[in-house]
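Would you mind keeping the following structure in view while I ask a few things?
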There are 4 protein chains.
Amino acid sequence: MFVSDNVSRVCPEVMAAIEAANVGDAPSYGGDAASLELDRAFSSYFEKPVAAFPVGTGSAANAIALSLATTRFGAIYCHQSAHIETTECGGVESWSGGTKLVLLPGDQGGLSAETLRSALARLPRGGAQSATPAVVSITQGTEVGTVYSREQIAAISAVAHEHGMKVHMDGARFSNALVGLGCSAADTTWRAGVDILSYGATKNGGMSADAVVIFEPALKEQAGFLRRRNGQLYSKMRYLSVQLLALLRNNVAERNARNANAMAKRLAHALSQIPGARVLHPVEINEIFIVLPEAARQRLAEAGYTPRLRTALGDPHFRFVTAWDTSGEAVDRFVAAAAGEKQTVRAS
Amino acid sequence: MFVSDNVSRVCPEVMAAIEAANVGDAPSYGGDAASLELDRAFSSYFEKPVAAFPVGTGSAANAIALSLATTRFGAIYCHQSAHIETTECGGVESWSGGTKLVLLPGDQGGLSAETLRSALARLPRGGAQSATPAVVSITQGTEVGTVYSREQIAAISAVAHEHGMKVHMDGARFSNALVGLGCSAADTTWRAGVDILSYGATKNGGMSADAVVIFEPALKEQAGFLRRRNGQLYSKMRYLSVQLLALLRNNVAERNARNANAMAKRLAHALSQIPGARVLHPVEINEIFIVLPEAARQRLAEAGYTPRLRTALGDPHFRFVTAWDTSGEAVDRFVAAAAGEKQTVRAS
Amino acid sequence: MFVSDNVSRVCPEVMAAIEAANVGDAPSYGGDAASLELDRAFSSYFEKPVAAFPVGTGSAANAIALSLATTRFGAIYCHQSAHIETTECGGVESWSGGTKLVLLPGDQGGLSAETLRSALARLPRGGAQSATPAVVSITQGTEVGTVYSREQIAAISAVAHEHGMKVHMDGARFSNALVGLGCSAADTTWRAGVDILSYGATKNGGMSADAVVIFEPALKEQAGFLRRRNGQLYSKMRYLSVQLLALLRNNVAERNARNANAMAKRLAHALSQIPGARVLHPVEINEIFIVLPEAARQRLAEAGYTPRLRTALGDPHFRFVTAWDTSGEAVDRFVAAAAGEKQTVRAS
Amino acid sequence: MFVSDNVSRVCPEVMAAIEAANVGDAPSYGGDAASLELDRAFSSYFEKPVAAFPVGTGSAANAIALSLATTRFGAIYCHQSAHIETTECGGVESWSGGTKLVLLPGDQGGLSAETLRSALARLPRGGAQSATPAVVSITQGTEVGTVYSREQIAAISAVAHEHGMKVHMDGARFSNALVGLGCSAADTTWRAGVDILSYGATKNGGMSADAVVIFEPALKEQAGFLRRRNGQLYSKMRYLSVQLLALLRNNVAERNARNANAMAKRLAHALSQIPGARVLHPVEINEIFIVLPEAARQRLAEAGYTPRLRTALGDPHFRFVTAWDTSGEAVDRFVAAAAGEKQTVRAS
């Protein structure tokens, strides 16, 4: 509980879609009706013709999306805390055949257009000495739970496109960011210059399905090869595709994300009342990063929670994550445990 | 229908297990109870302590299993029709960091110990000129629907081990082969010298889950890295693990495979009665390869079936595949359509 | 002696050119006069504007040339005895980011257009299942010392180009083949459809320099990256470039090759007189493959020669190679030793 | 002139050795006397049994040395300005099969043990999330012309070895650093904990030969494969090996380096007298980094020099490099041109 949104179960609409798909034979390897529907469903969702296909994990989505956006000699510019750098064990570099990640600093987990511009200015010109700037990858929401505004994305994209680079969005928590921003899916992606997206569904009520969504048609060319080579061409693809369709239909993805975000705000507000507590970053999606007094940690442990103190960077702190199915009661119980009170700390 | 076992749905036990798993939170990335149970369940099934973990596709299973069994300079000896050569777009070579596949001929889709021995004898000695013999990979059942006997596997393994090589089994249709052989899972794997197995579940009633099963403990070392790097560390792993457990429990895997095999035999027997029909390989699992007269093809097309004529190698022929849920009626209807009769051809 | 043309020293013109280059400063990384001259010198030699650059070994030339000619998902069709398959330890596949070699049989070490055509016909269509046919690589002269005629090359190229493939020539012994054919360098390369060439100089009187010669301009694009990444951008490039220029000037390359070829013919003719001797392939360049009686081997060993019996394929036999500086006397002494006579066997 | 030490010619001893090697046949691929002598010569030089082999470029040396020191899942810690990061286009990562470079800051172009220690402390523990710390790579002398002391190297090595990591030294200017330090080759390498060395010869009077020197015997295992696969197994290896032997013999390497270093000091001292000039880093080898007034740049350009203003990082400045054959007169002329005087600025 609160350890990650990955610990949550599958939402009812996704499970119902899987059950409904489990009837009779269906063509394999994407020939089924649900898989064939994906392009249209995502195109409608994003208000633009796109190509989309399912993958099994977010790491696979990122590694394929970024491979599509660069030659094997490209440099991928990203924040130094980006998941592709810290947690994917070289998958992007490896699947792409030899690209390099260029790590940039940035406040609150995000890149700025200015940081990107000055990094590009430092690059030795006109040669093949190092990898060539090829893609900017931004994580929406970021690794510290903040959100890029449309204007920030557009500014980054403008710098990237000026330099002939593509723009990738790691949207592992895309829906959480979207409802935080309150704009359309189109506004925060291709209208702001994004060329290719890793669309996260698993953390947001899905089972084991994310998607690559390609806005820039020129990037589609090698998708078939990359999916095959890297074990991402699912034989019974229908069971992945229906998960994605179920989340896109009737705004289920947004509903799920909205609950998670609201619970994170509630949790952050309540925990921040504990003397000595300090929230480290604006709570803009479903994650909070917070310094808590040692007594609070002990009380949580006694109550059966097992938050892990993060000591690698900055002040030792905790990360708490809420999910599509986090209830207000669960938040309140957790807060009460941390505060050492019997449910008397009330979230707003 | 009959196009592939991949077109079939998920069997009831697997679907029930997924539904049962969909309760509350569970630790992610393999910390859940079902994932933690996998080693024990496979150890019990194989009568030996093994390590096992789920992957999303058979290609991913093969690429990880073979990467574990070789350095990046290794040669992987396999049949020229092996799936890893013909259908995985270089995934094995790529994930392993640069190995080579050495293709060997062999009757009925299978390697012989003698072919392997003479291929190894041709290798230039004592140098780093080419890749070093590292693994033999055999497909059980083979790509033409035949099965290696325990004795054949043991003979191949003996040659491999003599030469310091490991033995990998691509068991995409492992259960079909097992029930064909009528021996234990242990007998046809590690007792016959197999070091590492790609265990197929998806084709046999699963949804999207296969497994890597490691018999030789020394091969486990880099598994964590390979899973991470290659997008195969599932956050909500419980939903894959329960599929595997459901198939291992109560011999569901064998039951599923037994039906598929029986239907294949029934289909082959009946189709072979059609004048001009000729079955190309012994029907030992759930696949049949058969030459049919053009009139039969036309009648099938008129009845709504769309078998694809395979013209690449040898006589133009068809491949038909049965599944865990293929019914005798479905076989009979298909045969009747092919034979141009109204259900009058009866399977044995 | 006769073990390989790699054991020979550097020819006087090459050594003189290196010494002449050793004066004062010169721009590094290819900015020197000799390196800048390469494109023009090779363009003149091949009667067509080409791009050319030096590399340190033939393996490096092959791996860069083939990487330029294919995406990372390409299949490279070559003879099963091709040096890129047997002796380069996966360099081509590795530098290119994941291509596959497709091995074809062929008499006398060579491919035929017909073999290529039928191999391409076997390929599963329209998919990304395996690597896509991208390049045909032929070795001129072949690994058994034979030569492709212009007509044979043109026929192979026609099939390749029909299928959208490029044509690569591994010309480790290009000059030897050229003087054997008696046509122009242009005739046997781009006029016959060759798109990119590994031009061999080291074996033919050079020190440590071969070249990549690009006939098809579209293949140049990634050369800078590939040279950098793979340690083939020489800082003091002048010392490699002058070797190539020295061989191109005044037909030194052809003169060197002509001597080697003549000595091979002389050697083959004389050895074939020994009772029990049998020449296995037409002697069309500077290599001979010959079965010799055991007594001859012993006499050679007693005389201090150390020919290695090749037992891997076919009849146990020897390979003898002559070089730019092989003298008639050396041939005669060798033959006399093999024949057990005191210089009484005379070459024609 | 002064643009790089790569623009310099080959020193007399190296040229003489090449000429002396050019006699008759010699075994290829390292079987010649000079190549066989390398292990002994380097062992004597380093006062310890080592394995050593020649490569054609420093980039090749680094990529092979680092590949030997890590699995394909390793992280290589280096200074953010390291040549392997900025100038080798991903060669290390690519040849090693997927490692990652971890970039660290550091004053004067160098790492400190403390920086390394704190970087390692930040690493997430116990998992395969990212690459595993495997090697520290330090450049001696650094990319800004400074030198690590023995104590600094030993301190870095101690931290590395504590963490199970190996230590690599990129010694492209090893001899320059060595004579700057005034200690033995052993003291500054293995006695200070270095496990493997890229030994630079090309910049120091060689033609096209550097070496990999392996102090830690366990790192030798895959060298044969790596050299083959990556085009670094030279057929006429004698011509590379004799270059290395010539530099090791009679302290030629040190003599060459001593001249280069002395000329750099003379140049730095004299240029620093120009009003507005500012030397940016201690001049400890043969490179100087200096801010010059615009008028000086113009005067140099008028005098035919073409220094390139470096604007990427920090104050716009120039890099000047001296070589084994730089004369005092050349330095004085250059300084006079920069100072706008007729030889009246005198170096000390």
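So, B:V135, is that one in a loop (DSSP other than H, G, I, E, B), modelled with pLDDT of 95 or more, in contact with a helix residue (DSSP H, G or I) (Cβ under 7 Å, 6 or more places away or on another chain) and away from chain D (no Cβ under 14 Å) or not?
No; evaluated as a whole, the condition is false for this residue.
Go over the candidates A:V331, A:V279, A:V335, A:V252 one by one and state the one that is touching a strand residue (DSSP E or B) at 6+ places or on another chain (Cβ under 9 Å) and not charged (D, E, K, R).
Criteria check complete, one pass: A:V279.
What pairs come up if the first residue lies in region D:54-65 and is open to solvent by 10 Å² or more (accessible area, probe 1.4 Å), the second is at pLDDT below 95 and not in a helix (DSSP H, G or I), and their beta carbons are under 6 Å apart, counting only those six or more places apart or on different chains?
D:S59/D:E88
Given the condition within 14 Å of chain B (Cβ to nearest Cβ), aromatic (F, W, Y) and farther than 27 Å from B:C11 by Cβ, answer yes or no: does some residue in region A:212-235 qualify?
yes
Here's something else I'd like to know. Checking C:T70 against (1) outside any helix (DSSP H, G or I); (2) within 11 Å of chain D (Cβ to nearest Cβ); (3) under 21 Å from the mean Cα position of the chain (by Cα), which single condition isn't satisfied?
For C:T70, the failing item is (2).
To continue, here is another question. Report, by residue number, each residue of region C:273-294 that is touching a Phe, Trp or Tyr at 6+ places or on another chain (Cβ under 8 Å) and either without any contact (Cβ under 8 Å) to a residue 24 or more places away in the chain or farther than 28 Å from C:L178 by Cα (or both).
Selection gives C:V279, C:L292.
Filtering region D:207-227 down to residues that are farther than 18 Å from C:Y234 by Cβ and in contact with a helix residue (DSSP H, G or I) (Cβ under 7 Å, 6 or more places away or on another chain), which residue is most open to solvent (accessible area, probe 1.4 Å)?
My answer is D:Q222.
If you don't mind, another one. Is one or more of the residues making up region D:117-130 surrounded by fewer than 24 Cβ atoms within 10 Å (Cβ to Cβ), more than 7 Å from every other protein chain (Cβ to nearest Cβ), more than 26 Å from D:V279 (Cβ to Cβ) and modelled with pLDDT of 95 or more?
Checked against the condition, which is being surrounded by fewer than 24 Cβ atoms within 10 Å (Cβ to Cβ), more than 7 Å from every other protein chain (Cβ to nearest Cβ), more than 26 Å from D:V279 (Cβ to Cβ) and modelled with pLDDT of 95 or more, region D:117-130 yields at least one hit.
Right, next: Filter region A:8-50 down to the residues that are open to solvent by less than 10 Å² (accessible area, probe 1.4 Å) and part of a helix (DSSP H, G or I) and list them by number.
A:V14, A:I18, A:L38, A:F42, A:F46
Of the conditions (1) modelled with pLDDT of 95 or more; (2) over 16 Å from the mean Cα position of the chain (by Cα), B:V55 fails just one. Which one is it?
(2)
May I pose another question? Enumerate the pairs (first residue in region B:14-42 and closer than 20 Å to B:Q232 by Cβ and within 11 Å of chain A (Cβ to nearest Cβ); second residue anywhere and open to solvent by less than 30 Å² (accessible area, probe 1.4 Å) and acidic (D, E)) with beta-carbon separation below 7 Å, excluding pairs fewer than 6 apart on the same chain, so at least 6 apart or on different chains.
Listed by first residue and then by second, the contacts come to B:A26/B:D32.
Determine which member of the set B:A323, B:A336, B:A301, B:A330 is free of Cβ contacts under 8 Å to residues at least 60 places away in the same chain and surrounded by 15 or more Cβ atoms within 10 Å (Cβ to Cβ).
B:A336
Assess whether C:A75 counts as being within 12 Å of another protein chain (Cβ to nearest Cβ) and of a type outside the set (D, E, K, R).
Answer is yes for this residue.
Please find, within region C:1-13, the residue that is nearest to C:Y239 (Cα to Cα) out of those that are out of contact with any Leu (no Cβ under 9 Å at 6 or more places or on another chain) and not β-branched (V, I, T).
For region C:1-13, the residue satisfying everything is C:P12.
So which helices (runs of 4 or more DSSP H) are wholly in region B:238-348 and hold at least 1 residues that are acidic (D, E) and either touching a Leu at 6+ places or on another chain (Cβ under 8 Å) or within 14 Å of chain C (Cβ to nearest Cβ) (or both)?
B:252-271
Hey, another quick one. Can you find a residue in region B:84-103 that is more than 8 Å from every other protein chain (Cβ to nearest Cβ), surrounded by fewer than 24 Cβ atoms within 10 Å (Cβ to Cβ), assigned to a helix (DSSP H, G or I) and of a type outside the set (S, T, N, Q)?
Scanning region B:84-103 turns up no residue that is more than 8 Å from every other protein chain (Cβ to nearest Cβ), surrounded by fewer than 24 Cβ atoms within 10 Å (Cβ to Cβ), assigned to a helix (DSSP H, G or I) and of a type outside the set (S, T, N, Q).
Okay, next question. May I ask you to list the residues in region C:191-224 that are in a helix (DSSP H, G or I) and either among the aliphatic types (A, V, I, L, M) or in contact with a Pro (Cβ under 7 Å, 6 or more places away or on another chain) (or both)?
C:A192, C:A218, C:L219, C:A223
Closer than 22 Å to A:I288 by Cα and either open to solvent by less than 40 Å² (accessible area, probe 1.4 Å) or small (G, A, S) (or both): does that describe A:G109?
Yes; evaluated as a whole, the condition is true for this residue.
Could you please let me know if B:V3 is in a loop (DSSP other than H, G, I, E, B) and touching a residue at least 60 places away in the same chain (Cβ under 8 Å)?
yes
For D:G164, are the conditions met, namely being of a type in the set (G, A, S), at pLDDT 95 or above and open to solvent by 10 Å² or more (accessible area, probe 1.4 Å)?
In short, yes.
Right, something else. Please tell me if D:I274 is of a type in the set (A, V, I, L, M), surrounded by fewer than 24 Cβ atoms within 10 Å (Cβ to Cβ) and modelled with pLDDT of 95 or more.
Answer is yes for this residue.
Give the residues of region C:304-320 that are surrounded by 13 or more Cβ atoms within 10 Å (Cβ to Cβ) and in contact with a helix residue (DSSP H, G or I) (Cβ under 9 Å, 6 or more places away or on another chain), sorted by residue number.
C:Y305, C:P307, C:F318, C:F320 - these are the residues of region C:304-320 that are surrounded by 13 or more Cβ atoms within 10 Å (Cβ to Cβ) and in contact with a helix residue (DSSP H, G or I) (Cβ under 9 Å, 6 or more places away or on another chain).
The values are calculated or read from the model by the stated rules, or taken from the named source; none is laboratory data. Keep in mind it's a predicted model, so treat the numbers as computed, not measured. Here Cβ is always computed from backbone atoms with ideal geometry, including for glycine, and neighbour counts include all displayed protein chains. Ligands, DNA and RNA are excluded from the accessible area calculation, which covers all protein heavy atoms including side chains. Shrake-Rupley method; radii C 1.70, N 1.55, O 1.52, S 1.80 Å.
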